[in-house]
1. Across the stretch 34-270, how many lysine pairs, 8 or more apart or on two chains, come within less than 23 Å at their alpha-carbon atoms?
2. At a 1.4 Å probe radius, carbon and sulfur cover how many percent of the accessible area of the stretch 117-229?
3. Mind checking the full-extension length gain between I194 and R181? Use 0.36 nm per residue of separation minus the Cα-Cα distance, one decimal, nm.
4. Along the Cα-to-C-beta direction of H65, a point sits 7 Å from the Cα; which residues of the stretch 238-271 have their amide N less than 11 Å from that point?
5. In debye, nearest 20, what is the charge dipole magnitude of the chain about its Cα centre with +1 on Lys and Arg Cβ and -1 on Asp and Glu Cβ, if you could check?
6. Would you kindly find the accessible area of V81, with a 1.4 Å probe and non-protein molecules such as ligands, DNA and RNA excluded, rounding to the nearest 10 Å²?
7. Determine the equivalent ellipsoid of the chain by diagonalising the alpha-carbon gyration tensor, then write out the semi-axes as square roots of 5 times the eigenvalues, largest first, rounded to whole Å.
8. Which residues does the label zone of S106 cover in the stretch 36-53, counting backbone N under 17 Å from a point 7 Å along Cα→Cβ?
Amino acid sequence: MKFSIFVAYKPFAMKKLFLSAIVLMAVISCKQQPAGPQVVAHRGYWDIEGSAQNSLEALRQAGEHGFYGSEFDVNLTSDDVLVVNHDFTFHDILIAENTYEAIKDSTLANGEVIPTLDSYLDLFCEYPDLQLVFELKSEGDSAYEARAIPLLIEKLEQRNLIERTDFISFSLTACQEMARRIPAMMVEYLGGEIAPAELKEMGINGIDYHYTVFEKHPEWVEEAHSLGMICNAWTVNKEEQITEMLDMGVDFITTNAPELAEQLIAGRSAK
Ligand code: MG
């Protein structure tokens, strides 16, 4: 009797193990390429009362609204403090050539002071379902990138955030360096002028291009997907453009209107 139970149990156990492996592989592949189009709030969710672009409140609102991701921009001060800000300047002060002390008390449109990357990542940790889309602002200065990249990796690793972060940049050298240092990281180039296959050869596994680039090169979506690469379109704010990008099959819609994009995606899946 014991023997027959064992014989009956063993194939069941093997089947269970096999199914678990399939589920695990599906989870891993979801990390790389989430199913269906996803919405990324551009500079956080800022177009609402009390929020501001690249503020902690914009990140909090993106997390509270349950969007897939929240994009933000990072600059490095002259004394190696990573701060969250879109432009190279903050209140007319060139961030790269000034210390954190010189900018730390100036405020954003909602009254917050400029967030440090540390404060931003600490808040992000409170939203475990949110994905970060991390843009390093760089003009391709190799000395600047050699300081910024190891520092930002250290801060992501300290908080176990590598898997929850997509790295994006207009700097091809920054994208290449990030892909070289962390091959498993999702790295998407922003420039718009390079075909997916060429980027793939550089170790870069995604394109994050202005939607007009996808209009000019609709074939790049299929090319990227055939190579296992992600397609992210920015900054897609109007219904017509969002619908156009969804029809093309891009994976991420980066937008200042994340609630509209969510509604349009939900409307399509309900049909
Ligand atoms: Mg950006």
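The values are calculated or read from the model by the stated rules, or taken from the named source; none is laboratory data. The model shown is predicted, which means the values in this text are computed figures rather than measured ones. Neighbour counts are summed over all protein chains in view; Cβ atoms, including those assigned to glycine, are modelled from backbone coordinates with ideal geometry. Keep in mind that these areas ignore ligands, DNA and RNA; they rest on the heavy atoms of the full protein, side chains included. Shrake-Rupley method; radii C 1.70, N 1.55, O 1.52, S 1.80 Å.
1. 6
2. About 49 percent, which is the carbon plus sulfur part of the accessible surface.
3. Contour length minus the Cα-Cα distance gives 2.5 nm.
4. 255-263
5. Approximately 1900 debye in magnitude.
6. Solvent-accessible area, nearest 10 Å²: 40 Å².
7. The equivalent ellipsoid of the chain has semi-axes of 35, 23, 20 Å.
8. From the stretch 36-53, the list is 53.
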